[in-house]
Amino acid sequence: MKKRIYGQKFGFSTRAVHTGNDVDGETGAIRRPITMANSYALPYDPSEMNWSGADKSLYTRNGGSNQKYLEEKLASLSGGDCVVLASGVAALSGLFFALLKTGDHVVFSSVTYIAVYRLLNELFNHKFNIETTIVDTGDLEAVQAAMRPNTKLVHIETPGNPTLAISDIRAIAEIAHAHGSLLSVDNTFASPYNQRPLELGADFSVESLTKYINGHGDAMGGAVIGKKAHLDMIRTQSQVNLGGVISPFNAWLIMRGSVTLPLRMRRHNENALQIARYLESLSCVRFTAYPGLESHRGHAIAASQMSPGFGGVLAFGLDADHDAHNRFVSHLELITSAVSLGHDESLIVFLGENDERQYLYPPEFHRGFFRFSVGLEDEEDIIADLERALKKTGLR
């Protein structure tokens, strides 16, 4: 029987291919099947079972076999134990719900996914009396000043969505731990191929599996990676009792997509860097934000904690009015106007001047800008599409 591959003696790509996969014991298939059942056979005497337990196959809300296979793989790639949930937001809210209680204080990045802003700045704050402080976590003095005796968690996102802000994971981990706090890092923009927060001192790494790890824009999932004691609590409270479980089919799709993560990320990294350099060279582009550019405020820190690349997402703004930004998008033929990121195809979204979080962004973002998820197409075709749309908009 084939053995699962966990050990760090194997390279990242080898673990991406093999870990979590085995020969199926019943059919001999060399790929794990999709197990769509919602229930599993009980033992002779089930009366002593914990009906909310997740240690044995019982009911798919408690954990299904496809979920467990995917967790094995992600644990190996990210360097900790893992719980997989229904979406990236389920992973974030599941972490916060399990970890925080009334009277706790949270410090979180001024640049984060909108759901984090909602959860921590509004829902947890107003509903559960959890205190929160928004901080530019690129400023270590500001992080230090925000810490309180009741600070339970520091949550950062690096690179940050949507401005590509960079935070120093090692330094913030030291600050958090010196105050008896925990550090969670949303690692979605980087993926575990480019950055592994647990190796840099973080307590939790959060991934939206919907994005790069799946990579094909056809399944949703999220993961929290960390120490087993914390993850057991998240699994019990947020998966079993709140019901944030991933479907077996989504888990299987993401398992399949994750095999090519290293190959895809190499191409995303290469394409995004070349596209960023191209955009930065244009006089009609007001700014380009990508941590792989030496002009980026956080380039040195990103280079110290991200390897071998800087991900596939960048932001840029045109030296033009609101309508010209929309006209530019309307002229794109190859690049698709859609939310999400990390797909095989290039995706772009225009973020206008009325975003409620504008006050948290650097000034160059206040006139509207694009978040651009660079895909796997030929670099020359992406640039040609951008060039054609700029000309049709009258900017070239």
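Number of residues in region 121-138 that are surrounded by 14 or more Cβ atoms within 10 Å (Cβ to Cβ), out of contact with any Asp or Glu (no Cβ under 6 Å at 6 or more places or on another chain) and not in a helix (DSSP H, G or I): the value is 8. Within region 165-187, if we keep just the residues that are closer than 12 Å to LEU153 by Cβ and hydroxyl-bearing (Ser, Thr, Tyr), the residue that is farthest from the chain's Cα centre (by Cα) turns out to be SER181. Restricting TYR59, TYR44 to those that are hydroxyl-bearing (Ser, Thr, Tyr) and within 26 Å of TRP252 (Cα to Cα) reduces the list to TYR59.
Just to be sure, is GLU122 at pLDDT 95 or above and not assigned by TED's automatic domain parsing to the domain that holds MET306? When the stated conditions are applied, GLU122 does not pass them. Only a single criterion out of (1) in a loop (DSSP other than H, G, I, E, B); (2) over 18 Å from VAL185 (Cα atoms) is not satisfied by GLN237, namely (1). Looking at SER47, is it more than 21 Å from the chain's Cα centre (by Cα) and without any contact (Cβ under 8 Å) to a residue 40 or more places away in the chain? Against the criterion (more than 21 Å from the chain's Cα centre (by Cα) and without any contact (Cβ under 8 Å) to a residue 40 or more places away in the chain), SER47 qualifies.
Checking each residue in region 381-396 for being within 32 Å of the chain's Cα centre (by Cα) and surrounded by 15 or more Cβ atoms within 10 Å (Cβ to Cβ) picks out ILE382, ILE383, ASP385, LEU386, ARG388, ALA389, LEU390.
Residues in region 212-248 that are under 30 Å from SER373 (Cβ atoms) and free of Cβ contacts under 8 Å to residues at least 40 places away in the same chain: 2 in all.
The values are calculated or read from the model by the stated rules, or taken from the named source; none is laboratory data. The structure displayed is predicted, hence computed values, not measured ones. Here the Cβ is made from the backbone with ideal geometry for all residues, glycine too, and neighbour counts use every protein chain on show.
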